[in-house]
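Reading through the structure tokens given below for one structure.
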Amino acid sequence: MSDISSPTSRTGTWTRASGDMPRAVLVLAALVAALAPLGLNEYWRFVASMMLIYTLVTLGFNILLGYLGQLAFANVAFFGVGAYAATIAMNGGLNFIPGILVGGIGGGIAGFLVGIPALRIRNYQLAIVTLATGELLRWLYIHGGSITQGSSGLEVPPMTLAGLQITTEIGKYWVFLAFTILCLAVTRNLLRSSVGRAIVSVRESEAISLGLGMHAAGFRILAFVWSGALVGVAGGMYACLLGRITPESFGLTQLLVHFSMVMVGGLGSFVGSIFGALLLTAIPETLRNFPGLEEIVFSLLLILVLRFVPEGIGGFLGARISGLRDRFFGGKP
Amino acid sequence: MFAQLVASGLVQGSIYAVIALGMTVLFRSTGVVHFGYGAFFMAGAFAVYVFSQVVGMAFVLAFLAAVAVLVLVGMAFERVLVRPIVHGPHVTVAMMTVAMSYLLTGVARFFWGQEVLRMPPIVDVPPIFVGSIVLTAQDLLIIAGCMALVVAFFLFFARTKLGKLMQAASQVPRGAALVGINVPGFHMAMWGVVAGIAAVAGTLVAPVTMLYPDMGAHLLIKAFAAMTFGGFGNLGGAVLGGLLIGLAEQLAGFYISTALIDIFAYLVIIVVLIVLPNGILGKKEATRV
């Protein structure tokens with residue numbers, strides 16, 4: 001039987017960051033992200049906010065799947081915990097900004113709790129335990145009594161900033177953009193620090209990492225906590241955007257969407273996570289009114305990417321544009 | 001009441017067992033974990049429905065046609081989608097099977113919408129009473145059909161030359177290829193066979209659960225849980241795991257809380273795997289560094 005100890009490990013040379021994206025390009029990208037939705041209608045501004053949410057979701061998932069190389073499918077659990085924690089905190093009177101942060105803390109704690117058994121369980125066993133965790137949590141939301149209000153879900157209070165209620169889609173979008181840019185910046189720096197290198201070295205060979213004196217278990221847990229926190233923040237944003245959360249938003253379908261975004265974007269690719277989220281949020285939205293067609297187009301796109309560009313959008317672009325190259329993304333899988 | 005619960009637990013469990021067995025057989029022979037297997041099951045049930053209710057074929061003919069279609073679908077998937085990427089990372093192949101599942105579910109939803117389709121029972125006889133237990137003919141058919149498939153597979157792998165060849169092809173593909181075994185051909189054949197099993201299971205279950213595009217998804221997790229519970233890649237473990245999960249669900253649902261019926265399997269899995277990471281029948285694997 002072939003080696004399944006590291007499902008995402010790649011051989012090949014690690015690419016050095018031959019040229020970082022110039023700061024001007026990053027500022028320009030942020031400006032475009034801030035101003036582009038002004039040219040869209042209300043509905044597409046809402047979709048643009050969803051894109052931000054899914055960007056964090058995908059990046060968080062990618063930390064576990066791509067950077068740590070673990071088949072951990074608890075992403076939708078982190079997302080749900082973040083959304084419920086943020087909503088419960090906001091219903092308790094907290095403003096939405098600390099509320100979303102509570103979502104991140106909740107997701108981080110969930111990540112910690114899932115990370116502990118993941119030290120012992122690997123591969124497909126980990127996959128099923130994490131899938132089961134997601135389903136278990138969804139069951140808890142349904143049977144949570146007055147705390148989660150069962151299948152009808154929880155109402156989320158409106159977002160207010162300095163006494164003013166944010167009602168427009170563009171206002172919400174800008175708030176989410178601020179959160180997203182902050183999370184992206186911190187994550188990018190974390191992944192490029194010695195911590196990020198340690199996480200990738202645990203993926204490549206746990207034995208060698210241990211031999212070099214790294215605390216492999218600690219870095220594993222850290223990756224889980226960070227992944228959970230990012231996805232938890234996204235969950236809090238999701239609750240604020242929709243105004244109501246229900247258990248069925250955190251089921252298997254949601255997980256498949258997250259998984260597809262990571263794969264289309266490229267395992268272990270930072271920019272790929274962003275592109276994957278943008279693309280796979282936009283495409284289904286245009287087909288929402290045709291039952292079944294959405295899934296067909298979605299799956300065909302996935303099949304084409306997996307078949308012809310298995311390294312994902314991130315890997316494809318990184319091979320051509322040096323500024324988009326990921327330091328820890330080996331050549332072809 | 002206990003006997004009745006055990007009986008219905010066994011009916012439910014034998015469905016899990018067959019699906020888990022199909023996934024295990026595919027994993028053992030090709031090394032691929034098929035996350036789209038629930039969709040094959042769904043497609044099998046829909047194919048029987050289309051052939052018998054829409055086209056109007058006799059049931060036996062419709063059943064055979066559905067199995068044949070699924071075998072072809074399984075082989076086509078292997079040839080067109082899996083073979084070109086099978087040497088890539090495992091997670092890419094796993095994702096490809098997920099994409100397959102999406103595609104089949106989408107096709108079913110596109111043509112038959114969200115409505116739940118009714119499938120008439122295969123045999124129309126009144127329920128059978130054994131002491132205090134009530135069993136419908138459909139229940140008995142499910143148990144008998146599933147057990148027949150299980151026995152057939154055990155004999156195939158343990159006793160036939162072809163079964164041994166398949167095991168060789170999965171354990172050392174390169175060595176098997178060197179002694180003249182057509183490894184890709186075997187893989188394609190196995191995809192066909194397990195798709196056929198899914199069609200049989202779908203046919204047996206459809207009259208009980210009725211037909212809807214998402215009917216495979218939850219079954220898939222239960223089956224996945226069953227195979228992990230029993231020990232990943234262990235044929236006997238998959239069957240035992242399936243039966244135990246079916247039983248546990250029914251008993252917990254009655255004696256503890258009906259709300260637990262959906263979730264008990266997951267609780268068991270989480271606890272068992274944290275205590276025994278290799279499942280109840282699994283052997284500890286040594287990792288070569």
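Only the coordinates and a few stated rules stand behind these numbers; no lab work does. Bear in mind the structure is a predicted one, so any value in this text is a computation, not a measurement. Heads up, the Cβs are rebuilt from the backbone with ideal geometry, glycines too, and the neighbour counts pull from every protein chain shown.
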Test: A:G144 is more than 28 Å from A:G115 (Cβ to Cβ) and within 14 Å of chain B (Cβ to nearest Cβ)
no
Count - residues of the stretch A:84-99 that are touching a Cys at 6+ places or on another chain (Cβ under 9 Å) and either more than 15 Å from A:L154 (Cβ to Cβ) or among the hydroxyl-bearing types (S, T, Y) (or both)
1
Please find, within the stretch A:67-95, the residue that is farthest from the other protein chains (Cβ to nearest Cβ) out of those that are touching a residue at least 12 places away in the same chain (Cβ under 8 Å) and surrounded by fewer than 24 Cβ atoms within 10 Å (Cβ to Cβ).
A:N95
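Name the helices (runs of 4 or more DSSP H) wholly inside the stretch B:1-97 in which the number of residues that are within 14 Å of another protein chain (Cβ to nearest Cβ) and closer than 19 Å to B:S170 by Cα is 2 or more.
B:2-30
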Residues in the stretch B:98-131 that are surrounded by fewer than 22 Cβ atoms within 10 Å (Cβ to Cβ) and more than 7 Å from chain A (Cβ to nearest Cβ) total 19
Quick check: anything in the stretch A:265-285 within 10 Å of another protein chain (Cβ to nearest Cβ) and either in contact (Cβ under 8 Å) with a residue 24 or more places away in the chain or more than 26 Å from A:T133 (Cβ to Cβ) (or both)?
yes
Of the conditions (1) buried (at least 20 other Cβ atoms within 10 Å of the Cβ); (2) over 13 Å from the mean Cα position of the chain (by Cα); (3) not hydroxyl-bearing (S, T, Y), B:G216 satisfies every one except a single condition; which number is it?
(2)
Which ranges mark the helices (runs of 4 or more DSSP H) fully within the stretch A:108-213 that have 1 or more residues being among the acidic types (D, E) and out of contact with any helix residue (DSSP H, G or I) (no Cβ under 8 Å at 6 or more places or on another chain)?
A:194-204
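May I ask you to list the residues in the stretch A:292-305 that are of a type outside the set (A, V, I, L, M) and touching a Pro at 6+ places or on another chain (Cβ under 9 Å)?
Restricting attention to the stretch A:292-305, the residues satisfying the condition of being of a type outside the set (A, V, I, L, M) are A:292, A:294-295, A:298-299.
Those that are of a type outside the set (A, V, I, L, M) and touching a Pro at 6+ places or on another chain (Cβ under 9 Å): A:G292, A:E294, A:E295, A:F298.
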Restrict the check to the stretch B:267-282 and report whether at least one residue is away from every other protein chain (no Cβ under 13 Å) and either of a type in the set (D, E) or in a loop (DSSP other than H, G, I, E, B) (or both).
yes
Do we find that A:L94 is outside any helix (DSSP H, G or I) and either under 22 Å from A:Y173 (Cβ atoms) or in contact with a helix residue (DSSP H, G or I) (Cβ under 6 Å, 6 or more places away or on another chain) (or both) in this structure?
yes
What's the number of the only condition in (1) within 13 Å of chain B (Cβ to nearest Cβ); (2) within 30 Å of A:P158 (Cβ to Cβ); (3) buried (at least 18 other Cβ atoms within 10 Å of the Cβ) that A:F250 fails to meet?
(1)
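Can you list the helices (runs of 4 or more DSSP H) found entirely within the stretch B:151-251 that contain at least 3 residues being closer than 25 Å to B:V69 by Cα and away from chain A (no Cβ under 14 Å)?
The qualifying helices (runs of 4 or more DSSP H) are B:183-209.
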